[in-house]
Amino acid sequence: MAKKTLPFSQTELEEIIAQHPTPFHIYDEQAIRQNVRKLLAAFSWAPSFKEYFAVKATPNPYILKLLREEGVGADCSSLAELILSEKAGIVGENIMFTSNDTPAEEYVKARQLGAVINLDDITQLDYLEKHAGMPELISFRYNPGPLRQGGNAIIGKPEDAKYGLTRQQLIAAYKMARDKGAKRFGLHTMVISNELNPAFFIETAVMMFDLVVGIYRENGIRIELVNFGGGIGIPYRPEQDAVDLEVIGQGVKKVYEEKIAASGLAPLELALECGRMITGPYGYLVTKALHKKEIYKNYIGLDACMANLMRPGIYGSYHHITVAGKENLPLDHMYDVTGSLCENNDKFAVDRKLPRIDIGDTLVIHDAGAHGHAMGFNYNGKLRSAELLLKPDKSVQVIRRAETLDDLFATLDFSRL
Ligand SMILES: Cc1ncc(COP(=O)(O)O)c(C=O)c1O
């Protein structure tokens, strides 16, 4: 069981707030670096291993740059994500471009950057060739459909998911790609999301390595890169444990030896494209209690809302809350902790036991580093908050300023009213 702690004391936090008004997201650089090193170490046995960070989780170029310094690449799914990666110095095959329903200009940009292009459908081969030309290295996304159990509210069951190719299509697609001039081949899947059980990832490796062997036997195509996708979960609840990355690494190693090395298909490059587990636990949404309201239930109204972190609102997800300076007080009050949107699901917590909260208290919402700021929106005219980076020397860098009303209204021409 992991105790939920903060990377700053209450005094340090109040000093940060004095410079940077709440709400804001703050990321712990040192913890992100240490965590990513653990992931890379778990796969250090592999002939070649790459983590392509899922940019959608935390699309900030300063985060991408620090990850690049650790040897991490980028998993991009849109033009904007490709540009962010380029700005952070991640280019060439350090980018894997996994999109779906893709506009032509995105393929053009991905080709221009030399990214590994991972196609979501067999029809995309002609489309890519027509609009951006056929690359030498091409990858396809596999959807096992009913052959694989798994999935959850975030990602859906494989057979209900819109992504990827069937096995039969995959075999045909590699042949087509070879006929069009491709010489190097990758294989990708993404069937798990926020999963804490390491066995699921080892099962994915079994599925993918069997497929690599099958593709080779059926059409003589030798896959050089296998990307297992992301999906490693994080312990949002204090009673949950983080995934043991060594267990995944060693489990995949055993399967690699049994299936890939034993079939003479080594070396095979391995990859993951985790987002959540890289930044999620190391980002915090810092907010203040603005109002208290007592009707049928007791409410604490914050200066943050679902526009800053929508996971609790849309998935009912648990995000731990620390009331700064009250960590050791008894949890003897029950609150719904709300934002100000005109939506009743704008609640960070429902029936949560917390210490007594007073107006002006600072609340820190944990595990907001992935799919937090990234999923922000402007409904009700809410402005997106700033993103800060807590550096290893405890200094704070603004890595994205807060939006202003001018930003919000930038697309409106009031003079023509
Ligand atoms: C294609 C793809 N890769 C990687 C990820 C990252 O997943 P996670 O943040 O759960 O690791 C996602 C998440 O939506 C995805 O759609």
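The values are calculated or read from the model by the stated rules, or taken from the named source; none is laboratory data. The structure displayed is predicted, hence computed values, not measured ones. Here Cβ is always computed from backbone atoms with ideal geometry, including for glycine, and neighbour counts include all displayed protein chains.
Here are the numbers:
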quantity: Criterion (in the same structural domain as GLY233 (by TED's automatic domain parsing) and away from the ligand (no atom under 14 Å from the Cβ)) met by exactly one of LYS38, LYS65; calculated: LYS65
quantity: Qualifying positions in the stretch 235-292 - part of a loop (DSSP other than H, G, I, E, B) and free of Cβ contacts under 8 Å to residues at least 24 places away in the same chain; calculated: ALA262, GLY264
quantity: Among residues of the stretch 314-327, those that are of a type outside the set (Asp, Glu) and under 16 Å from LEU363 (Cβ atoms), counted; calculated: 9
quantity: Residue match in the stretch 173-185 (condition: under 26 Å from the mean Cα position of the chain (by Cα) and either modelled with pLDDT under 95 or under 25 Å from LYS130 (Cβ atoms) (or both)); calculated: yes
quantity: ARG148 vs. criteria modelled with pLDDT of 95 or more and within 16 Å of the ligand (Cβ to nearest atom); calculated: no
quantity: Whichever residue in the stretch 68-78 is among the acidic types (Asp, Glu) and closer than 14 Å to LEU40 by Cβ and, among such residues, is farthest from the ligand (Cβ to nearest atom); calculated: GLU69
quantity: Residues of the stretch 277-287 satisfying the condition of being near the ligand (Cβ under 8 Å from one of its atoms) and touching a strand residue (DSSP E or B) at 6+ places or on another chain (Cβ under 7 Å); calculated: MET277, ILE278
quantity: Flag if ARG111 is under 20 Å from ALA173 (Cα atoms) and more than 22 Å from the chain's Cα centre (by Cα); calculated: yes
quantity: Per-region count, the stretch 338-379, residues assigned to a loop (DSSP other than H, G, I, E, B), closer than 24 Å to VAL55 by Cα and small (Gly, Ala, Ser); calculated: 5
quantity: Top-ranked residue in the stretch 293-339 [being farther than 25 Å from GLN10 by Cβ and either in contact with a Cys (Cβ under 7 Å, 6 or more places away or on another chain) or among the aliphatic types (A, V, I, L, M) (or both); ranked as surrounded by the fewest Cβ atoms within 10 Å (Cβ to Cβ)]; calculated: ILE295
quantity: Neighbours by Cβ (under 7 Å, 6+ apart or cross-chain): first from the stretch 401-417, assigned by TED's automatic domain parsing to the domain that holds GLY376; second hydroxyl-bearing (Ser, Thr, Tyr); calculated: ALA402/SER385
quantity: Residue check, LEU6 assigned to a helix (DSSP H, G or I) and out of contact with any His (no Cβ under 8 Å at 6 or more places or on another chain); calculated: no
quantity: Every pair of residues 6+ apart whose Cβ atoms lie under 9 Å, when the first sits in the stretch 86-114 and is over 14 Å from TYR52 (Cβ atoms) while the second is surrounded by fewer than 17 Cβ atoms within 10 Å (Cβ to Cβ) and of a type in the set (Ser, Thr, Tyr); calculated: THR102/TYR127; ALA104/TYR127; TYR107/TYR127
quantity: Of residues in the stretch 342-356 being more than 27 Å from LEU389 (Cα to Cα) and among the hydrophobic types (A, V, I, L, M, F, W, C), the one surrounded by the fewest Cβ atoms within 10 Å (Cβ to Cβ); calculated: CYS342
quantity: Any chance LEU82 is within 15 Å of the ligand (Cβ to nearest atom), in contact (Cβ under 8 Å) with a residue 40 or more places away in the chain and crowded, with 21+ Cβ neighbours inside 10 Å; calculated: no
quantity: Subset of the stretch 320-341 (residues that are out of contact with any helix residue (DSSP H, G or I) (no Cβ under 6 Å at 6 or more places or on another chain) and either among the small types (Gly, Ala, Ser) or closer than 18 Å to ILE234 by Cα (or both)); calculated: HIS320, ILE321, THR322, GLY339, SER340
quantity: Only listed residue being among the hydrophobic types (A, V, I, L, M, F, W, C), at negative phi and away from the ligand (no atom under 16 Å from the Cβ), chosen from ALA173, ALA161; calculated: ALA173
quantity: Options ILE202, ILE234; residue that is surrounded by 15 or more Cβ atoms within 10 Å (Cβ to Cβ), of a type outside the set (Phe, Trp, Tyr) and away from the ligand (no atom under 16 Å from the Cβ); calculated: ILE202
quantity: Answer residue from the stretch 401-417, given it is part of a loop (DSSP other than H, G, I, E, B) and of a type in the set (A, V, I, L, M, F, W, C) and is farthest from ILE26 (Cα to Cα) among those; calculated: LEU417
quantity: Matching entry among ILE202, ILE171 (being out of contact with any Leu (no Cβ under 8 Å at 6 or more places or on another chain), more than 30 Å from ALA242 (Cα to Cα) and outside any loop (DSSP other than H, G, I, E, B)); calculated: ILE171
